[in-house]
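Novice: The structure under discussion is supplied below as structure tokens; questions concerning it will follow.
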Amino acid sequence: MAISKTFSAASIRDAYSAGQRSFGENYVQEGVEKITELADLDLDWHFTGPLQSNKSRQVAARFAWVHAIDRLKIAQRLSDARGSHLPELNVCIQVNLSGEPTKSGAAAREVGALARSVSVLPRLKLRGLTTIPEPCNDVARPRVRFAELRRLLETLNTEGLGLDTLSMGMSSDLEAAILEGATIVRVGTAIFGSRSAADRASQ
Ligand SMILES: *Cc1c(COP(=O)(O)O)cnc(C)c1O
């Protein structure tokens with residue numbers, strides 16, 4: 001998937017011309033503007049940023065996927081807001097594997113209960129798990145985290161949840177993610193070039 005946050009609708013059209021169909025956006029308003037502007041193209045839109053509950057209605061109306069569910073309340077709001085004329089909204093639970101308190105994502109020990117609750121919401125389809133490894137000088141660390149996420153998915157599937165998606169890997173670590181079974185890599189700068197310094201500071 002191409003992460004197009006901060007890049008223009010024209011850049012997305014260029015990527016579309018090269019065959020890219022799935023795009024990820026991190027900010028609700030920016031994403032909705034591009035979706036509107038590019039409505040003539042047949043695109044799959046993924047919301048990959050952290051989601052506040054007051055924005056859930058717009059996301060439920062305009063996107064096909066949400067990658068960073070980390071609490072039940074958000075999932076319930078998305079399910080309530082998903083129009084019955086639309087297919088179920090595909091969602092992934094974001095897992096904070098490092099336990100850093102400042103990072104978003106559910107703790108690994110909470111994921112089982114959260115997954116069971118999300119999987120029964122009527123207008124959502126729980127597809128799998130997402131993670132972003134903590135920044136680290138150890139180049140081997142991301143692969144360890146990706147393997148942990150894969151094992152967590154396998155454990156959930158022994159309960160019959162039928163999950164098929166591991167959303168993991170970005171420009172800097174996508175090879176390790178693919179080696180550990182990623183089904184969606186989220187690639188921004190390696191496709192579009194570097195984002196502005198101001199945006200990097202806000203990430
Ligand atoms: C920005 C972002 C990416 C892409 O990062 P790159 O390093 O530009 O590939 C992937 N996932 C999420 C959640 C992001 O916010």
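Novice: For the stretch 184-194, give me each residue that is more than 8 Å from the ligand (Cβ to nearest atom), assigned to a loop (DSSP other than H, G, I, E, B) and touching a Leu at 6+ places or on another chain (Cβ under 9 Å).
Specialist: Residue satisfying the conditions is Val185 alone.
Novice: Anything in the stretch 58-75 that is part of a helix (DSSP H, G or I), more than 16 Å from the ligand (Cβ to nearest atom) and within 17 Å of the chain's Cα centre (by Cα)? List them, or say none.
Specialist: Across the stretch 58-75, the qualifying residues are Gln58, Ala60, Ala61, Arg62, Leu72, Ala75.
Novice: Considering only residues that are among the hydrophobic types (A, V, I, L, M, F, W, C) and more than 16 Å from Arg77 (Cβ to Cβ), look in the stretch 88-105 and name the one that is surrounded by the fewest Cβ atoms within 10 Å (Cβ to Cβ).
Specialist: So the residue we want is Leu97.
Novice: Identify, from the list Arg141, Arg109, the residue that is surrounded by 15 or more Cβ atoms within 10 Å (Cβ to Cβ) and more than 18 Å from the chain's Cα centre (by Cα).
Specialist: Residue meeting the stated conditions: Arg141.
Novice: On to the next question. Can you tell me which residues in the stretch 8-40 are surrounded by 14 or more Cβ atoms within 10 Å (Cβ to Cβ) and part of a loop (DSSP other than H, G, I, E, B)?
Specialist: Correct list: Gln20, Asn26, Tyr27, Leu38.
Novice: Given the options Ala107, Ala177, Ala182, name the one that is free of Cβ contacts under 8 Å to residues at least 24 places away in the same chain and either in contact with a strand residue (DSSP E or B) (Cβ under 6 Å, 6 or more places away or on another chain) or at negative phi (or both).
Specialist: From the options Ala107, Ala177, Ala182, the qualifying one is Ala107.
Novice: Oh, and also: Quick check on Glu30: is it in contact with a Leu (Cβ under 8 Å, 6 or more places away or on another chain) and among the acidic types (Asp, Glu)?
Specialist: Criteria not met by Glu30.
Novice: Still on this structure: Testing Asn54 on (1) within 16 Å of the ligand (Cβ to nearest atom); (2) assigned to a helix (DSSP H, G or I); (3) free of Cβ contacts under 8 Å to residues at least 24 places away in the same chain; (4) out of contact with any Leu (no Cβ under 6 Å at 6 or more places or on another chain), one condition comes back false. Which one is that?
Specialist: (1)
Novice: Give the stretch 134-183 a look and list any residue that's among the aliphatic types (A, V, I, L, M), within 18 Å of Ser98 (Cβ to Cβ), within 13 Å of the ligand (Cβ to nearest atom) and not in a loop (DSSP other than H, G, I, E, B), or say none.
Specialist: Of everything in the stretch 134-183, just one residue is among the aliphatic types (A, V, I, L, M), within 18 Å of Ser98 (Cβ to Cβ), within 13 Å of the ligand (Cβ to nearest atom) and not in a loop (DSSP other than H, G, I, E, B), namely Ala177.
Novice: Right, another one. Being of a type outside the set (A, V, I, L, M), more than 21 Å from Ala190 (Cβ to Cβ) and free of Cβ contacts under 8 Å to residues at least 24 places away in the same chain, is that true of even one residue in the stretch 92-100?
Specialist: Within the stretch 92-100, one or more residues are of a type outside the set (A, V, I, L, M), more than 21 Å from Ala190 (Cβ to Cβ) and free of Cβ contacts under 8 Å to residues at least 24 places away in the same chain.
Rule-based calculations on the coordinates, nothing more; no lab input. Keep in mind the model is a prediction, meaning the values are calculated, not measured. Backbone-built Cβ (ideal geometry, glycine too); neighbour counts: all protein chains shown.
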